[in-house]
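In what follows, a structure is listed as structure tokens, so that the remarks can point back to it.
The values are calculated or read from the model by the stated rules, or taken from the named source; none is laboratory data. Quick caveat: nothing in here was measured; it's all calculated off a predicted structure. Quick reminder, even Gly has a Cβ in these numbers, built from the backbone with ideal geometry, and neighbours come from all protein chains shown.
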Amino acid sequence: MTIGARVARTSAVLFSAALLAGCGQAAQTGNAAAGAGPQAAAPKAGTEAPGRCHTSMLSGSMGRVEAGAGQRYAELILTNRSGEPCTIYGYGGLQLVDAAGRPLPTELTRSPNPGPSPIELAPGQAASATLHWTANPHEGEPTDGPCQPTPATAQVIPPDETDWVPVNWTGGPVCGWGDVEASAYHR
């Protein structure tokens, strides 16, 4: 058998295997939708989960800052201000800015606890991300005054969005060159 014939034969075998695997999956999906398999049935018409929360649907705020041993903690809260339910899932973005709107050093690190889970927000309901940062200067930061400029605002980007929601920053300077640890959004 020539090399060309072997390649053609191997390609035909692989194509047939992929085709059969796809057919098996389609049959399995069909059985699950009919309730014969272990998978849940598809939602009924009119009961679909709400779409994702877009920035235009949300307002933001910062919860009370908790302090201890040079550490700071606060909840970053996003509230559904629209007239329809929406779902928020995952980690957001954050940029600290000064009173003139200039970006300040910000390094956002994801905290695994709690991790992401979908949260359905009815109108008026909120989800929050837990923030943690330090008030202790790190090496190379000033020690005879604020370690970093104090932010006036945080530009908060909801998960899967690119636009930001302004949130008044009440947490003072963020030492460690602007390092903020944030959890996924949760209730």
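List of remarks:
- Across segment 75-110, the number of residues qualifying as among the aliphatic types (A, V, I, L, M) and under 17 Å from the mean Cα position of the chain (by Cα) comes to 6.
- Test: residue in segment 70-91 that is over 30 Å from Asp163 (Cβ atoms) and either in the same structural domain as Ala154 (by TED's automatic domain parsing) or at pLDDT below 50 (or both): yes
- Some residue of segment 127-138 being on the phi > 0 side of the Ramachandran plot and either out of contact with any Pro (no Cβ under 6 Å at 6 or more places or on another chain) or touching a residue at least 24 places away in the same chain (Cβ under 8 Å) (or both): no
- All positions within segment 165-187 that are of a type in the set (Val, Ile, Thr) and not in a loop (DSSP other than H, G, I, E, B): Val165, Val167, Val180
- Whichever residue in segment 117-164 is hydrophobic (A, V, I, L, M, F, W, C) and part of a loop (DSSP other than H, G, I, E, B) and, among such residues, is surrounded by the most Cβ atoms within 10 Å (Cβ to Cβ): Cys147
- Of all residues in segment 66-101, those being under 26 Å from Glu120 (Cα atoms) and either β-branched (Val, Ile, Thr) or not in a strand (DSSP E or B) (or both) number 13.
- Test: Thr170 is over 19 Å from Ala74 (Cα atoms) and surrounded by fewer than 19 Cβ atoms within 10 Å (Cβ to Cβ): no
- Considering only residues in segment 102-115 that are out of contact with any helix residue (DSSP H, G or I) (no Cβ under 7 Å at 6 or more places or on another chain) and assigned to a loop (DSSP other than H, G, I, E, B), the one that is nearest to Pro159 (Cα to Cα) turns out to be Gly115.
- Of all residues in segment 94-101, at least one satisfies being within 19 Å of Ala184 (Cβ to Cβ) and surrounded by 16 or more Cβ atoms within 10 Å (Cβ to Cβ).
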